[in-house]
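Structure first, then comments.
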Amino acid sequence: MLTMRENFQSGNRERLWRKYCGFLDLSITEFMEMQEQLLMDHIDLVYNSPLANKFMPEKPTSVAEFRRLVPFTTYDDYAPLLGDKKESALAIKPYCWAHTSGRGGSTKWVPITRAAMEHMLNAAIGMSILASANRKGEINIRNGMKVLLNMPPAPYFSGILAPLMIDRLGAQAIPPLDKYANASFDERIQAGLRIAFRTGVDFVSSLTAVMIRIGERLSEGSPQMKFNRHMLHPRIMSRILIALIRSKREKRSLLPKDFWRLKGLVCYGMETGIYREQLIKYWGRTPFEVYVATEAGTIAMQSWNKKAMTPLPYSCFLEFISESEWLNNRKDNNHQPRTVLLDEVKPGECYEVVLTSFHGMPFFRYKLGDIVKVVALEDRESGIVLPQLVFQSRTSDIIDIAGFSRLDEKTIWQAIANTGVKYEDWCARKEYEEDKPIVHVYIELRQEIPVEDLEKAINKNLAEIDKNYSDLLNYLGLRGLKVSIIPTGSFQKYYEAKRKAGADLAHLKPPHMNPSDAIMMELINR
């Protein structure tokens with residue numbers, strides 16, 4: 001049952017760990033055997049449906065035959081059926097429909113079966129256990145814990161999953177999900193903070209950008225902390241007094257960790273690793289990272305040591321396209337890239353993820369457009385013997401300079417963050433200067449700095465992070481980077497204009513990488 005609670009306070013902790021975190025003990029052989037069995041079970045389940053027949057004219061009898069017969073797909077292949085929620089084309093009636101964002105303001109609808117949702121919920125509970133654990137087998141979550149949620153609402157997948165997880169854990173959502181179901185994202189964030197000051201918080205699940213912004217505002221605003229009638233509550237006054245004592249003792253400004261002692265901090269967003277140390281500084285907990293896709297659920301997550309991510313075997317069947325194969329396909333659309341399985345990946349290599357959903361879900365050899373890096377084939381520190389992954393970039397977000405250097409969002413973001421400059425937001429795209437390609441970064445600052453100094457600092461950081469970019473500067477003599485500072489308030493004005501126009505939450509901000517000419521005109525010329 002999706003709504004059945006489990007008692008984490010008095011339950012058998014060994015049993016709970018084994019149920020929700022047992023995948024961390026699998027060998028690569030056990031992982032692959034589970035993948036194969038689940039794939040064949042899934043094919044049996046969905047083969048007779050109209051949607052499955054579209055991609056499988058005959059029924060595969062093995063993994064090898066499945067990979068040979070079934071073509072790669074993207075959401076465009078499913079849009080005519082899923083976009084209109086044609087349930088007659090599906091093998092199983094969905095438990096619910098979730099939507100996720102596509103590029104260019106589009107929305108993708110995804111049917112989620114009851115069985116898939118149960119597995120997604122189990123993965124979310126495993127995530128909660130691991131995020132709050134400091135060692136193997138430790139379970140620190142409990143009934144009644146207070147969870148601050150800063151995530152998009154239903155029909156986004158996170159908004160559908162959140163109330164189910166809260167009920168399963170017997171937790172208390174901040175702010176209450178039912179009361180603030182129709183509130184805007186900003187309103188829910190502000191309401192959550194007001195309530196958290198009064199009630200306290202045990203666990204946070206949030207977009208990384210929100211956690212960084214809260215930390216910055218509390219830290220920068222603490223000397224002029226403004227009191228209002230809401231803060232006169234005895235519990236709030238007591239919390240503020242204790243926080244002030246803690247910060248004064250350490251001779252620093254107020255930080256979120258002075259107000260709340262968190263058991264776990266789950267963050268979503270590519271920038272989580274980039275701002276890892278800053279999140280620890282603000283919140284007093286190492287952020288826990290997960291790799292989730294609405295089309296499949298949780299694909300990978302960190303263990304209790306909160307380093308690289310370990311893939312889950314029961315969310316979807318995983319295939320990987322190597323960087324060289326992906327580049328050949330990018331140059332020649334007729335080239336059919338070869339995939340490898342998890343037991344064939346190599347450490348240090350980057351791969352595009354291809355997934356086939358399980359549990360009656362509709363996606364076959366589906367190209368998410370995500371690139372992950374395999375950082376190791378095992379985690380010796382934790383005793384995990386499965387490949388370790390980090391999320392690297394989106395395939396559409398790569399800027400290729402002269403075929404020599406390929407910069408992704410994570411690399412550029414890290415180079416900007418390493419300058420230490422305070423900024424509101426940024427965009428980067430490939431442009432041409434005197435017929436030579438450059439990376440043009442547009443950035444809105446929150447402090448004064450000469451553009452020449454900022455450009456020099458970012459350029460230096462890019463060269464240190466990416467050897468190919470360094471070679472681009474040294475050997476080819478290309479400029480490489482141009483930085484333009486855009487007017488204060490540009491991103492906020494863009495956000496407000498999109499919000500008033502009724503844009504989807506995921507498209508209120510311009511993309512960091514490769515924004516179109518039209519988007520740049522809207523952003524800069526307001």
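The values are calculated or read from the model by the stated rules, or taken from the named source; none is laboratory data. Predicted model only: the values in this text are computed from it and were never measured. Note that each Cβ is placed from the backbone with ideal geometry, even for glycine, and that neighbours are counted across all protein chains shown.
Here are a few things to note about the model shown:
- If you filter the stretch 29-57 down to residues that are β-branched (V, I, T) and surrounded by 16 or more Cβ atoms within 10 Å (Cβ to Cβ), you find that the one that is farthest from E319 (Cα to Cα) is V46.
- Test: T356 is hydroxyl-bearing (S, T, Y) and either in contact with a strand residue (DSSP E or B) (Cβ under 9 Å, 6 or more places away or on another chain) or outside any loop (DSSP other than H, G, I, E, B) (or both): yes
- Among the residues of the stretch 499-525, the ones that are part of a helix (DSSP H, G or I) and either touching a helix residue (DSSP H, G or I) at 6+ places or on another chain (Cβ under 7 Å) or surrounded by 14 or more Cβ atoms within 10 Å (Cβ to Cβ) (or both) come to 9 in all.
- Residues satisfying the stated conditions in the stretch 310-365, i.e. at pLDDT 95 or above and among the aliphatic types (A, V, I, L, M): L312, L318, I321, V340, L341, L342, V345, V353, V354, L355, M361
- So D379, is it among the charged types (D, E, K, R) and more than 19 Å from S324 (Cα to Cα): yes
- Residue, nearest to S396 (Cα to Cα), within the stretch 57-108, restricted to residues that are touching a Phe, Trp or Tyr at 6+ places or on another chain (Cβ under 7 Å) and either basic (K, R) or in the same structural domain as D504 (by TED's automatic domain parsing) (or both): K108
- Leading residue by the ranking (nearest to the chain's Cα centre (by Cα)) among those in the stretch 235-289 that are assigned to a loop (DSSP other than H, G, I, E, B) and of a type in the set (S, T, N, Q): T286
- Any chance S303 is of a type outside the set (F, W, Y), touching a Phe, Trp or Tyr at 6+ places or on another chain (Cβ under 9 Å) and assigned by TED's automatic domain parsing to the domain that holds Q37: no
- Whichever residue in the stretch 497-526 is touching a Leu at 6+ places or on another chain (Cβ under 9 Å) and modelled with pLDDT under 90 and, among such residues, is nearest to D397 (Cα to Cα): K498
Yes or no, residue by residue, for (1) surrounded by fewer than 20 Cβ atoms within 10 Å (Cβ to Cβ); (2) part of a strand (DSSP E or B); (3) under 20 Å from the mean Cα position of the chain (by Cα):
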position: D343; (1), (2), (3): yes, no, no
position: P347; (1), (2), (3): yes, no, no
position: V375; (1), (2), (3): yes, yes, yes
position: F391; (1), (2), (3): no, yes, yes
position: K430; (1), (2), (3): yes, yes, no
position: V439; (1), (2), (3): no, yes, no
position: I449; (1), (2), (3): yes, no, no
position: D453; (1), (2), (3): yes, no, no
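- Taking the stretch 120-222 as the region of interest, none of the strands (runs of 3 or more DSSP E) fully inside it holds 2 or more residues being of a type in the set (D, E) and surrounded by fewer than 19 Cβ atoms within 10 Å (Cβ to Cβ).
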